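*Asks:* Take this structure, written in structure tokens, and hold onto it; I'll ask about it next.
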Amino acid sequence: MLRNKKRKGIYFSRRKRRRPWILLIPITIAFVILISAIAYMNQSPEEISSHKRAAILDGLSADYPNRTFINSAEKILERAGFTVDIYGPENVSLSLLRELPSKDYGLVVFRVHGGRIRQPIGLFMGGGLFIERCGPESHRREVESGYLLLGRPFLSNETYCVAPPHYIIDKLHGRFKKAIIIAISCFTGDDEVMAIAFFKRGARAYIGFKGKISPTYGDTFTIKLLRKIYAENLSIQEAFNQVKEELGPDPHYNGTPILYLS
């Protein structure tokens, strides 16, 4: 009687063959998803945002023009792939402020006056952005309701409509999509109230200043910060720390920058 020869090596019987390569499809998909998630988590906030539009609201140039700042900021951002919209004093208005979240900006720079909000009992709470020059009858309903304040900025005799944090929360239209907000203004970082207002509107990072700052200091800080974020590809936190350490406080008024992350 002939004996069956035992097969050597690895083989699949015809009865149990199941096309094992099909099982690799879900495994491969899961692996790709895992790698993508890890890469996403390791990105810095500015890398996550795909919104390559930036706005610079240069209301401060009515009193302190600095074309070198505008040109430098525009060049840094355009080289990083941004489309940059520059708004001069004639275009910086409350209507523009209200529409900013709906314009899909990934970066908004406020180069405007800033001030502290004094409560009737004399205490200071939060900061405000001096958006447009106005008189007692301008935006009367919003002024009387407390949504807008009237004030004069440091080193200026002009009266402005001032947007406090609750104006940002309640009056702006739409939401920022993980935008970075930089407020180059006095007192915009004295506490976290203004930062929280922008976070509630969808911003991811907010940079303001504690105390008084000179326009020169604010401009220098911002250009260095933009260069480190968008030219050297540092994270917001690392770029902020490096510039803050390099410049120190404002040599004239001792104001300092501060970073809030949502």
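*Asks:* Among the residues of segment 74-84, write down those that are outside any loop (DSSP other than H, G, I, E, B) and open to solvent by 40 Å² or more (accessible area, probe 1.4 Å). Full working, then the answer.
*Replies:* Let us first name the residues in segment 74-84 that are outside any loop (DSSP other than H, G, I, E, B), namely 74-79, 83-84.
Of everything in segment 74-84, those that are outside any loop (DSSP other than H, G, I, E, B) and open to solvent by 40 Å² or more (accessible area, probe 1.4 Å) turn out to be E74, K75, E78, R79, T83.
*Asks:* If you go through segment 56-73, how many residues are over 20 Å from K228 (Cβ atoms), of a type in the set (A, V, I, L, M, F, W, C) and not in a helix (DSSP H, G or I)?
*Replies:* 1
To keep it simple, each residue is scored yes or no on (1) within 22 Å of T222 (Cα to Cα); (2) crowded, with 17+ Cβ neighbours inside 10 Å; (3) in contact (Cβ under 8 Å) with a residue 60 or more places away in the chain; (4) among the acidic types (D, E).
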| site | (1), (2), (3), (4) |
| --- | --- |
| V143 | no, yes, no, no |
| S156 | no, no, yes, no |
| V162 | no, yes, no, no |
| S185 | yes, yes, yes, no |
| D191 | yes, yes, yes, yes |
| A195 | yes, yes, yes, no |
| K200 | no, no, no, no |
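*Asks:* Also: Might you let me know whether segment 235-250 holds any residue that is under 25 Å from G151 (Cα atoms) and modelled with pLDDT of 95 or more?
*Replies:* Yes, segment 235-250 has at least one match.
*Asks:* Test E246 against the stated conditions and say whether it is open to solvent by 40 Å² or more (accessible area, probe 1.4 Å), in a loop (DSSP other than H, G, I, E, B), within 23 Å of F69 (Cβ to Cβ) and not hydroxyl-bearing (S, T, Y). Break it down stepwise before answering.
*Replies:* Values: open to solvent by 40 Å² or more (accessible area, probe 1.4 Å): yes; in a loop (DSSP other than H, G, I, E, B): no; within 23 Å of F69 (Cβ to Cβ): yes; not hydroxyl-bearing (S, T, Y): yes.
Considered against the rule, which asks whether it is open to solvent by 40 Å² or more (accessible area, probe 1.4 Å), in a loop (DSSP other than H, G, I, E, B), within 23 Å of F69 (Cβ to Cβ) and not hydroxyl-bearing (S, T, Y), E246 comes out as no.
*Asks:* Residue by residue through segment 165-189, note down the ones that are in contact with a helix residue (DSSP H, G or I) (Cβ under 8 Å, 6 or more places away or on another chain), more than 19 Å from S102 (Cβ to Cβ) and either in a loop (DSSP other than H, G, I, E, B) or among the hydroxyl-bearing types (S, T, Y) (or both).
*Replies:* I184, S185, T188, G189
*Asks:* Looking at segment 208-229, can you tell me whether even one residue there is in contact (Cβ under 8 Å) with a residue 40 or more places away in the chain, closer than 24 Å to R98 by Cβ, surrounded by fewer than 17 Cβ atoms within 10 Å (Cβ to Cβ) and of a type outside the set (A, V, I, L, M, F, W, C)?
*Replies:* no
*Asks:* Just to be sure I understand, how many residues within segment 108-136 are modelled with pLDDT of 85 or more and either in a loop (DSSP other than H, G, I, E, B) or open to solvent by less than 30 Å² (accessible area, probe 1.4 Å) (or both)?
*Replies:* As a first pass, look at segment 108-136 and keep what is modelled with pLDDT of 85 or more: 108-116, 127-134.
Of the ones still in play, those that are also either in a loop (DSSP other than H, G, I, E, B) or open to solvent by less than 30 Å² (accessible area, probe 1.4 Å) (or both) are 108-115, 127-131, 134.
The qualifying residues number 14.
The values are calculated or read from the model by the stated rules, or taken from the named source; none is laboratory data. Since we're looking at a predicted model, the values are computed, not measured. Quick reminder, even Gly has a Cβ in these numbers, built from the backbone with ideal geometry, and neighbours come from all protein chains shown. Please note that ligands, DNA and RNA were not included when accessible areas were found on the heavy atoms of the full protein model with its side chains. Shrake-Rupley method; radii C 1.70, N 1.55, O 1.52, S 1.80 Å.
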